[in-house]
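None of the figures in this text is laboratory data; all of them are computed from the coordinates on show. Worth saying up front: this structure is predicted, and the values here are computed from it rather than measured. All Cβ positions, even for glycine, are placed from backbone atoms using ideal geometry, and neighbour counts span all protein chains on display.
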Amino acid sequence: MWHRAIPVDDLTDGTMTRVTLDGRDINLTLVDHEPRAIGDTCPHRGASLSEGQLRDGCVTCPAHLWRFSFVDGRKQGDARTSVPVYPTRVVDGYVEVDLPPAQPARSMREILLAHARGEKV
Ligand code: FES
């Protein structure tokens, strides 16, 4: 589902902007003049990636310096670790982000059962 974020003119090369859409923190920037959106929460220990450093289309987490690509979300040097990447578009001068439906909250019992079945939790 598409969510209106911010005016595209508020994005500039070399800076990042955190927005909250549908209850999720999203990190927006421009890469080669195209709006890009990734999840703002670092998968390591949960730091806000938008408070890190942006260079060459990658963000460096401010906490422990993991680097993630704004293009494919992958951690540099570790293809198994990534942040979500969301499609963007510009409509009427605003950046819109396509977010999948939010996952419903699960009880601890449901999480443990899923883990016991070998599902990714
Ligand atoms: S919290 Fe991001 S690298 Fe540790």
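Before moving on, here are some points about what is shown:
- Phi-based couplings in Hz for segment 68-74 (Karplus 6.51, -1.76, 1.60; Gly and Pro marked x): 10, 7, 6, 8, 10, x, 6
- Gyration tensor (alpha-carbon) shape descriptor, the chain, a/c threshold 1.5: oblate
- Segment 48-88 versus segment 1-40: alpha-carbon centroid distance in Å: 14 Å
- The simple Förster model, with R0 at 25 Å and r as the Cβ-Cβ distance, assigns Glu34 and Met1 a FRET efficiency of 0.75.
- Once exposed loop trypsin sites (Lys or Arg not before Pro) are cut out (DSSP; at most 16 other Cβ, 10 Å), longest piece of the chain: 46-105
- For segment 102-113, 3J(HN,Hα) computed residue by residue from phi via the Karplus equation (6.51, -1.76, 1.60; θ = phi - 60°) reads 5, 6, x, 5, 10, 6, 4, 4, 4, 5, 5, 5 Hz, glycine and proline entered as x.
- Computed from the alpha carbon atoms alone, the convex hull of segment 48-89 holds 80 Å³ per residue.
- Top positive-direction residue, dipole computed over the chain with Cβ charges, set Val85, Val97, Ile6: Val85
- Measuring r between the beta carbons of Gln76 and Asp98 and using R0 = 22 Å, the FRET efficiency lands at 0.35.
- By the count of neighbouring beta-carbon atoms within 10 Å, fewest first, Asp13, Asp40 end up ordered Asp13, Asp40.
- With the simple spin-label model, which puts each label point 7 Å out from Cα in the Cβ direction, the Asp10 to His44 separation comes to 2.9 nm.
- Neighbour cut-off at most 13 other Cβ (10 Å), DSSP loop, GluC sites (Glu not before Pro), segment 30-121: Glu119
- Neighbourhood net charge (15 Å Cβ-Cβ; Lys/Arg +1, Asp/Glu -1) for Ala116: +2
- Spherically averaged projected area in nm², based on the convex hull that wraps the Cα atoms of segment 8-51: 3.3 nm²
- Unit charges on C-beta of K, R, D, E only; dipole of the chain, Debye: 740 debye
- Near the amide H of Tyr94, within less than 5 Å, lie the amide hydrogens of Val8, all on another chain or at least 5 residues away, with H placed in the peptide plane.
- Phi angles across segment 47-61 convert, under the Karplus curve 6.51 cos²θ - 1.76 cosθ + 1.60 with θ = phi - 60°, into 3J(HN,Hα) values of 5, 7, 5, 5, 8, x, 10, 10, 7, 6, x, 10, 9, 9, 4 Hz, Gly and Pro given as x.
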